Amino acid sequence: MNKKNLDQEPVSQAKHQNKQADEVIVIAVDGPTAAGKGTIARKLAQHLGFACLDTGLLYRAVAVKALENKINWEVGQAISLSTIARKLTPLDLSHPALRDEIIGRGASIIAAIPEVRSALLDFQRRFHLLGKPVKGVVLDGRDIGTVVYPDAHLKLFITASQQVRAERRYKELLNRGLPVIYAQVLLDVQERDNRDQKRSSAPLIPATDAIIIDSSSLNADQVLAIALQHVQKKLGLP
Ligand code: DC
């Protein structure tokens with residue numbers, strides 16, 4: 001498939017899939033690394049009784065399988081990696097190595113490969129069909145509101161300054177007992193932002209109709225309260 005087709009595919013497929021998903025409400029929660037969007041997505045889903053998918057886990061699961069199969073993501077490998085992506089199952093999203101730092105770095109590189117992104121679209125758009133019937137889904141990631149579900153019922157874009165995000169990540173790693181240096185964590189956040197924003201396929205960018213929440217000076221409960229106000233206003237849900 002050439003690049004032109006890959007770029008066009010997401011929107012046309014999303015419209016089709018959105019028709020199938022007419023009965024479920026879709027909330028997109030996008031934003032850069034360590035902005036706290038995962039926590040907000042989970043809490044929103046819990047509050048609303050929706051299913052929740054952390055789409056970053058899909059890219060991480062591809063990295064886990066690549067490592068297991070000795071596939072070097074540093075040198076392209078679009079075909080092998082997209083084959084892995086196409087075969088992922090929900091079980092792959094609970095592998096104990098998913099949160100390892102090496103997997104996070106690999107996922108960031110793998111996520112820039114258009115063929116992998118394309119291969120993961122189906123999983124994301126069929127997620128609401130995978131478990132028991134649900135009223136709605138919350139998907140968190142980078143391109144949910146722009147590519148995966150351009151017609152999502154509500155789009156939130158959660159962000160914070162690079163310094164604040166690096167501090168949050170630093171504290172989280174310290175709490176996990178890992179030996180970390182703040183300057184290194186900041187550099188890592190900057191590198192990941194760079195890759196997320198500069199990649200040609202589905203770069204990280206707020207959808208034009210996304211509600212942007214800057215969480216730099218807010219705690220998780222405050223961000224959740226703002227998100228819930230928008231849920232109430234836009235979707236009429238309590
Ligand atoms: O959010 P995370 O760190 O678990 O995501 C892992 C990687 O996957 C990260 O580098 C960004 C990428 N990603 C993406 O490109 N698109 C998504 N929808 C979700 C994650």
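Points worth noting:
- Scattering curve values for the chain, log₁₀ I(q)/I(0), Debye with Cα scatterers, q = 0.08, 0.14 Å⁻¹: -0.28, -0.91
- Based on protein heavy atoms only, the chain ends up with 50 Å² per residue of surface accessible to a 1.4 Å probe.
- Percent carbon-and-sulfur accessible area, region 55-134, ignoring ligands, DNA and RNA, probe 1.4 Å: 59
- Only helices enter this figure: runs of n ≥ 4 DSSP H residues, each worth -39500 (n - 2.57), summed and divided by the residues of the chain, yield -17000 deg cm²/dmol at 222 nm to the nearest 500.
- Spin-label model, ARG105 to LYS234: label points 7 Å out along the Cα-to-beta-carbon direction sit 3.6 nm apart.
- Region 115-137 and region 35-61 have Cα centres spaced 13 Å apart.
- Across PRO203, PRO32, PRO179, mean-square fluctuation computed from a Gaussian network of the chain (C-alpha pairs under 10 Å connected) peaks at PRO179.
- Each label point was placed 7 Å from the Cα along the Cα-to-Cβ direction; for ILE79 and ASN175 their separation is 4.5 nm.
- When the charge dipole of the chain is built from unit charges on Cβ atoms (+1 for Lys and Arg, -1 for Asp and Glu) and taken about the Cα centre, the candidate among SER161, LEU67, LEU174 whose Cα reaches farthest toward its positive end is LEU67.
- Close amide H contacts of ILE25 (hydrogens built in the peptide plane, cut-off under 5 Å, sequence separation of 5 or more or a different chain): GLY136, VAL137.
- Convex hull (Cα only) mean projected area of region 55-134, reported in nm² to one decimal: 5.0
- Shape category assigned to region 108-238 from the gyration tensor of Cα positions, a/c cut at 1.5: oblate
The values are calculated or read from the model by the stated rules, or taken from the named source; none is laboratory data. All values derive from a computational prediction rather than experimental measurement. All Cβ positions, glycine included, derive from the backbone under ideal geometry; neighbour counts span all protein chains shown. We work out accessible area using only protein heavy atoms, side chains counted, and drop any ligands, DNA or RNA first. Shrake-Rupley method; radii C 1.70, N 1.55, O 1.52, S 1.80 Å.
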